[in-house]
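In what follows, a single structure is set out as structure tokens and then discussed.
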Amino acid sequence: MSRANAAYYATRDPFADFTTAPEISQVFGELLGLWAAVTWRSLGAPVPVSFAEMGPGRGTLMQDALRAIGRAAPDFHLALTVHLIETSPRLRVAQRERVSEAFWHDCIETVPDCPMILLGNEFLDALPIRQFVRRGSVCTERYVGPTGFIEEPSEYDPEMEVQEGDVVERRESAEELAAAVAKRLIAREGAALFLDYGPEVSAAGASLQAIAGGQPVDPLGPAGTADLTAHVDFARFGASAKAGGAQVVGPVAQGLFLARLGLFQRTNRLARHLPPRRAASMMEGARRLAEPDRMGRLFKAIALMTPGMDTPPGFE
């Protein structure tokens, strides 16, 4: 999964296959930028501060965030430097067109050693998973074989009640990332906000999917031709961050989180100055992000913070 996604993002335009929240509405990025500004002030307004994003796509979220910060929080704008964590050369070109002042990194470890506010939207779901299957009293692990999935004996303990044939997914790379971010937030104050899709509690079930051309396709099709994702286990992600010493708030449903930040008020304000068709499109984008039967419930927000910080906006 890791190699296939690396090939996909290096060679294809992912936004021809799917649309993420920043591409749906500019208000999404604006609200996250203002969230970062408020969080920076709650840290005591440190200078300098790294404003970073993992998996920044085309750079749309960061572009919208910086525009909102420049208008509403110029002191934060002067204090920050922008850091984009991206390994795809193709996407870096697109990001440079929108956020020319950024510095690029292959991993979070090279972001400057100072206070940091980190964003990650639909980043965790693309990290590789392992799948285990209950077979009698033990589990097997799935691997990719020449003609499909194969299963090999495993000593994995699913640590939950599962039935015969149930699939349990594990994403150790996300847990390792949570631990690394927690370590960073203990050594240097800061906060990290992740938005992604998945259940609030750990649950059995196979969620691996592949999207190409906006449609589901076979995950075992030619490697690098589709975007591979799976549900995020927010419970394990948060537990790994807590084990590393970070303060964790959430997850909360994305719709509730964005509504608390003012999604509909900001959208209404912008729509009043647009032609009717564009105004209707903007309002439709806000509903798509927030309504429970669309992205509002399945998608969640979770924040990792330096211990002792006040509860950040959206998590009250």
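The values are calculated or read from the model by the stated rules, or taken from the named source; none is laboratory data. None of the values given here were measured: they were computed from a predicted structure. Glycine also receives a Cβ, built like all others from the backbone with ideal geometry; neighbour counts cover every protein chain displayed. The protein model used for the area step is the full one, side chains on, heavy atoms only, and it has no ligands, DNA or RNA in it. Shrake-Rupley method; radii C 1.70, N 1.55, O 1.52, S 1.80 Å.
Numerical summary
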item	result
Sum of -39500 (n - 2.57) over DSSP H runs of 4+, divided by residues of the chain (222 nm, nearest 500)	-11000 deg cm²/dmol
Heavy-atom accessible area per residue - the range 214-263, 1.4 Å, Å²	39
Leu220 accessible area, assembled protein chains, probe 1.4 Å, Å²	70
Rounded to 10°, Cα long-axis angle of helix 172-187 versus longest principal axis of the chain	40
Stokes-Einstein D in µm²/s, Kirkwood radius over Cα pairs - the range 1-147 at 25 °C with 0.890 mPa s viscosity	145
Accessible area of the range 273-316 divided out per residue, in Å², using a probe of 1.4 angstrom	55
Rounded accessible area per residue of the range 1-125, 1.4 Å, Å²	39
Longest site-free stretch - the chain; sites: trypsin sites (Lys or Arg not before Pro), DSSP loop, at most 16 other Cβ within 10 Å	1-271
Fraction of antiparallel bridges per DSSP, the chain only, in percent to nearest 5	60
Mean separation of Cα contacts under 8 Å, 6 or more apart, over the residue count of the range 79-169: relative contact order %	21
Alpha-carbon centroid distance for the pair the range 276-296 / the range 158-187, whole angstrom	32
Percentage relative contact order, the range 244-297, counting C-alpha pairs under 8 Å, at least six apart	42
Centroid-to-centroid separation of the range 29-65 and the range 216-260 [C-alpha atoms, Å]	19
Gyration tensor (alpha-carbon) shape descriptor, the range 2-41, a/c threshold 1.5	oblate
Rounded accessible area of His273 (nearest 10 Å², 1.4 Å probe)	150
Tensor-based shape of the range 170-293 (alpha-carbon gyration tensor, a/c under 1.5 rounded, otherwise prolate or oblate)	oblate
Accessible-area order (highest first, 1.4 angstrom probe) of the listed residues Trp40, Trp104	Trp104, Trp40
Percent carbon-and-sulfur accessible area, the chain, ignoring ligands, DNA and RNA, probe 1.4 Å	53
